[in-house]
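**Student:** Structure incoming, see below.
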Amino acid sequence: MEKQMTTKVNSRCYRFSGVVFEPESRSLIWSDSSVTTLSYEECRLLEMLCHHAGEVISSRVLFASTTLSDSSYSQHQNTLCSLLGKSYRDGEKVLPLDMVGDFGYRVSLPQRTYQKSHPPAAVSDEQAEAVDLALSPPVVEEQKESSHILGKASALLICLGVFGFLLYTLHTI
């Protein structure tokens with residue numbers, strides 16, 4: 001009888017203030033325990049930016065490194081805009097993903113990078129509550145509605161800027 005070897009894989013996770021990015025599950029896990037699922041392309045982009053946290057990476061480098069062979073540059077730009085929009089939660093920028101002028105994109109350094117072992121270890125209710133409390137930002141009810149509108153407007157302006165730059169670039173070629 002032949003014996004098969006298996007390898008246990010550890011997945012890298014990135015913890016920011018208020019959100020955890022788990023590439024393996026393509027998820028943003030927010031401090032209120034809700035989850036935003038990322039598309040495959042969004043996840044690849046964010047994973048590369050997190051791997052190079054603190055560095056500015058140009059859109060062209062991101063495109064060449066993360067995009068599937070059948071995707072166009074405009075599809076790549078749409079994915080970047082979508083990912084920028086998902087960096088907001090309740091109108092507030094939570095995931096520190098930024099467009100840096102005409103230079104490219106950057107994710108700030110995470111609070112913590114860690115390996116997630118599989119299968120997951122059992123976590124007691126007290127440990128889970130401690131993690132939730134550590135991730136929970138203070139809630140300010142009066143500012144919630146106005147900051148929600150401002151966050152959406154900021155994401156829209158960023159996307160319009162990206163598309164304007166793309167159209168300008170295509171027009172000058």
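The values are calculated or read from the model by the stated rules, or taken from the named source; none is laboratory data. Bear in mind that the values here come from a model prediction, so they are computed numbers and not experimental data. Methodologically, a virtual Cβ is constructed for each residue, glycine included, from the backbone with ideal geometry; neighbour enumeration extends over all protein chains shown. Calculation scope for accessible area: heavy atoms of the full protein, side chains included, ligands and nucleic acids excluded. Shrake-Rupley method; radii C 1.70, N 1.55, O 1.52, S 1.80 Å.
**Student:** Across region 30-43, which residue is nearest to Asp70 (Cα to Cα) among those that are open to solvent by less than 50 Å² (accessible area, probe 1.4 Å) and in contact with a strand residue (DSSP E or B) (Cβ under 8 Å, 6 or more places away or on another chain)?
**Tutor:** So the residue we want is Leu38.
**Student:** Tally time: how many residues in region 69-100 are more than 16 Å from the chain's Cα centre (by Cα) and open to solvent by 70 Å² or more (accessible area, probe 1.4 Å)?
**Tutor:** Total meeting the criteria: 3.
**Student:** Continuing with this model, one more query. Do any residues in region 44-72 that are of a type in the set (Gly, Ala, Ser) have Cβ atoms under 9 Å from those of residues that are at pLDDT below 90 and open to solvent by 80 Å² or more (accessible area, probe 1.4 Å), where the two are at least six apart or on different chains, and which pairs are they?
**Tutor:** Ala53/Leu109; Gly54/Leu109; Ser59/Phe165
**Student:** Let me ask something additional. Starting from region 6-17, take each residue that is open to solvent by 100 Å² or more (accessible area, probe 1.4 Å) and list its partners that are part of a loop (DSSP other than H, G, I, E, B) and at pLDDT 90 or above, counting only C-beta distances under 9 angstrom and pairs at least six apart or across chains.
**Tutor:** Pairs that qualify, where the first residue is open to solvent by 100 Å² or more (accessible area, probe 1.4 Å) and the partner is part of a loop (DSSP other than H, G, I, E, B) and at pLDDT 90 or above, are Arg12/Pro23; Arg12/Glu24.
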